[in-house]
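Below you'll find the structure, written out as structure tokens, and then a few comments.
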Amino acid sequence: MELSRIALNDMGTQGRMFSVSDERIWTAPLKEYQVSCRIAEPVRAEVLVLPQEDGCLVRGTLKGVVAMPCDRCMEETLVTLDLRFDEFERYPAAGNLDAGEDGIRADILERSVIEMEGGASFLNLEALLWEEFSLALPVKPLCRPDCRGLCPVCGKNLNEGPCGCSADEGDPRLAVLRQLKVKR
Ligand SMILES: [Zn+2]
Ligand SMILES: [Zn+2]
């Protein structure tokens, strides 16, 4: 079954469970958007898709481990993903049908993961899962909360010990103070 195009109309009232482990759902957009992140341990999603009258309930979990560079020292850092999500995706045309002067609203609504075609509706589960995945990635991952980062002068990873540079050499304001001291 094509996960980017799940037909919602012929799904029963119980909905349907999907077990998703296709790596391309994450790796393709990671590459496309040039995100520094690789899959370290398989990322899997268990999802219940439950069509409703005016939209579709998408509820599930997403688990896995990814590796990203630490925001301070650039060392590869493991990030565990373990999230639950519970989304309601409204059918895009539903707002339009009875909208009248409200029709303009459709333009400002964000891109929907549900596509209407004739009387049928299709859910792009791949796009929805990518959204959940990318929102769960930390903006500034740290290898550890107290990461010391890189020396701004020589670039050494300060987690591995101090570098040869004196601590204040990197700050020109302090360098000026030091010179004053010498003159005295
Ligand atoms: Zn670090
Ligand atoms: Zn240094």
Within the stretch 113-167, the count of residues that are more than 30 Å from Met17 (Cβ to Cβ), of a type in the set (Gly, Ala, Ser) and either away from ligand 1 (no atom under 16 Å from the Cβ) or exposed (fewer than 14 other Cβ atoms within 10 Å of the Cβ) (or both) comes to 5
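List the strands (runs of 3 or more DSSP E) that sit entirely inside the stretch 13-84 and contain at least 2 residues that are under 13 Å from the mean Cα position of the chain (by Cα) and modelled with pLDDT of 95 or more. Please lay out each step first, then the result.
Values: elements: 16-20, 38-51, 55-69.
Ranges flagged: 38-51, 55-69.
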Select from the stretch 24-37 the residues that are surrounded by 13 or more Cβ atoms within 10 Å (Cβ to Cβ) and out of contact with any Cys (no Cβ under 9 Å at 6 or more places or on another chain) and write down the one among them that is nearest to Leu142 (Cα to Cα).
-> Cys37
Does Leu109 fit the bill of being at pLDDT below 90, more than 16 Å from ligand 2 (Cβ to nearest atom) and either touching a Gly at 6+ places or on another chain (Cβ under 8 Å) or among the aliphatic types (A, V, I, L, M) (or both)?
-> yes
Please verify whether the stretch 55-64 includes one or more residues that are in contact (Cβ under 8 Å) with a residue 40 or more places away in the chain, surrounded by fewer than 14 Cβ atoms within 10 Å (Cβ to Cβ) and closer than 18 Å to Ala120 by Cα.
-> no
From the list Met74, Met68, pick out the single residue that is under 30 Å from Gly155 (Cα atoms), out of contact with any Ser or Thr (no Cβ under 7 Å at 6 or more places or on another chain) and not aromatic (Phe, Trp, Tyr).
-> Met74
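The values are calculated or read from the model by the stated rules, or taken from the named source; none is laboratory data. This structure is a prediction, so every number in the text was calculated from the model and none was measured. Every residue, glycine among them, receives a Cβ derived from its backbone with ideal geometry; neighbour counts consider all protein chains shown.
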